[in-house]
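In what follows, a single structure is set out as structure tokens and then discussed.
The values are calculated or read from the model by the stated rules, or taken from the named source; none is laboratory data. On a predicted model such as this, the values are computed, not experimentally measured, just so you know. Neighbour counts are summed over all protein chains in view; Cβ atoms, including those assigned to glycine, are modelled from backbone coordinates with ideal geometry. SASA here: full protein model, heavy atoms, side chains in, ligands and nucleic acids out. Shrake-Rupley method; radii C 1.70, N 1.55, O 1.52, S 1.80 Å.
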Amino acid sequence: MLSRLMSGSSRSLEREYSCTVRLLDDSEYTCTIQRDAKGQYLFDLLCHHLNLLEKDYFGIRFVDPDKQRHWLEFTKSVVKQLRSQPPFTMCFRVKFYPADPAALKEEITRYLVFLQIKRDLYHGRLLCKTSDAALLAAYILQAEIGDYDSGKHPEGYSSKFQFFPKHSEKLERKIAEIHKTELSGQTPATSELNFLRKAQTLETYGVDPHPCKDVSGNAAFLAFTPFGFVVLQGNKRVHFIKWNEVTKLKFEGKTFYLYEKKIILTYFAPTPEACKHLWKCGIENQAFYKLEKSSQVRTVSSSNLFFKGSRFRYSGRVAKEVMESSAKIKREPPEIHRAGMVPSRSCPSITHGPRLSSVPRTRRRAVHISIMEGLESLRDSAHSTPVRSTSHGDTFLPHVRSSRTDSNERVAVIADEAYSPADSVLPTPVAEHSLELMLLSRQINGATCSIEEEKESEASTPTATEVEALGGELRALCQGHSGPEEEQVNKFVLSVLRLLLVTMGLLFVLLLLLIILTESDLDIAFFRDIRQTPEFEQFHYQYFCPLRRWFACKIRSVVSLLIDT
């Protein structure tokens, strides 16, 4: 039996799992890993496939069975982290946005960051005014279709491509005008570099918003950027705290705390899992951008005085070390295979760049941005910052100041309109009827469905009654959790109960210790005085001695039973 168990365990350890990673250009890389393979092994495989050396800016994102997204930890087993049935599906994304993307050493790295920021622009995370939006889109056109050619590009050609959640005709004309007159002669690499330089100046560069609520119950977005911690609320940036001013990050349940030198910011996440993910992202970003050396990284705990909480440690290199390492790279620039954009006007789809290389295990396809992108919907939609706009209005995106505000300024207007994740996306976690709810939320916002979504929904199109019921469920989901005041009351009650339990436990332990020391043979004046009191003699003869005899009898019976067997 032991040999069968050992052989079964050996087969389990040797089992291979199929992993599919969706890349930034929407191609897919498929490989197999062993059961005990660490995240670092999978990440190294992926970077080797991409011929990427400046890899510290990137990471692998996945969604657990509870629909909560995570970054893959490189020091832990891939299989244990995913907790889902194989084959595993993940996404390769920028995890730490470079403070100056134009300063990256290799063109392949700049190209991958370009693809990520292009996704941010499409999904509404990178907010900008109309003129900036037109310039960024023109850079994308120039990089992917080249110079304007009247023979190849008829009137209205820019309307065939989808750069943003929604377009206006005026914006499309502006994009085409810039592309025709200002960018002629720029190579793809030059256009991508100019795109990065422009994007880096925007207030929301590098923002990956986490939806939360403040202590008053108002919706807010928390984000970590290369420059510090940001809170976006309504149409304003209400807080911007530089990394060297952040003294501590902590979470407890659904409550997230950020400690500055003078204030403590408190926000409430949709779920405890989402709050823990927010906390871990903050710990990693602070370590990456703030510290001088990776040797300065310390294990961070969210525990309080009486109870142990979560512990986490950032395991990678910091930004300064990455820059120093990049300066030492000396090799022939790797070849980049760029592919042109695929025009599409009937649905919000876009091809996000080239197919980097050809590998036997890589399955490549152009993917529509749709409900089929289960992981991508949570990275690029469920926690994105959606943008309201009219189809033919003068302004496409909310206004954003192009220059960064003074660090002492806490409130900065970043948009003409307020925005909310409830307008176009689902909160985390997603309900079981995620397909119907996602389709319903898109219908509410007037967004057209992609071909994949239509095929998925044909078999189970909800009736009018079901749509109304799902609408109510969607609104309930988007309203979040219970009020912050109730949260604070419950938290206070729990803290008081914990304090009482700990106090009673300490008193009980001290009482037992006092009894043991008093009944011992220690010849100390304090214990001698206690032994001579009538109360102690009564306790000794009526309770302690009978209890001691009972324990001795039980121990003897157990010993004799063991000897007989």
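Across the stretch 9-85, the convex hull enclosing all Cα atoms gives 102 Å³ per residue.
Averaging 1/r across all pairs of distinct Cα atoms in the stretch 493-565 and inverting the result yields a Kirkwood radius of 15.3 Å.
Decide, for the stretch 74-124, between rounded, prolate and oblate: order the square roots of the alpha carbon gyration tensor eigenvalues as a ≥ b ≥ c, take rounded if a/c falls under 1.5, and otherwise choose prolate if a/b is larger than b/c, else oblate. Prolate shape, in that a/c is at least 1.5 and a/b is the bigger ratio. Note on the stretch 207-340: along the principal axes its Cα atoms extend 55, 41, 28 Å, ordered by decreasing extent. Near the amide H of PHE161, within less than 5 Å, lie the amide hydrogens of SER344, all on another chain or at least 5 residues away, with H placed in the peptide plane. Across GLU332, GLU321, the residue with the most accessible area heads the list, and the full order at a 1.4 Å probe is GLU332, GLU321.
In a reduced charge model with +1 at each Lys and Arg Cβ and -1 at each Asp and Glu Cβ, the stretch 1-160 shows a dipole moment near 860 debye about its Cα centre. The mean of 1/r over all pairs of different alpha-carbon atoms in the stretch 24-142, once inverted, gives a Kirkwood hydrodynamic radius of 16.0 Å.
Could you order TRP550, TRP243 so the one with the most accessible surface comes first? Probe is 1.4 Å.
Numbers: TRP550 135, TRP243 10 Å².
The ranking, largest first, comes out as TRP550, TRP243.
For GLY234, the residues 5 or more places off, or on other chains, whose built amide H falls under 5 Å of its own are TYR419. Along the axis of the charge dipole computed for the stretch 103-236 (Cβ charges of +1 for Lys and Arg, -1 for Asp and Glu, origin at the Cα centre), the listed residues GLY217, SER191, ALA143 are led at the positive end by GLY217.
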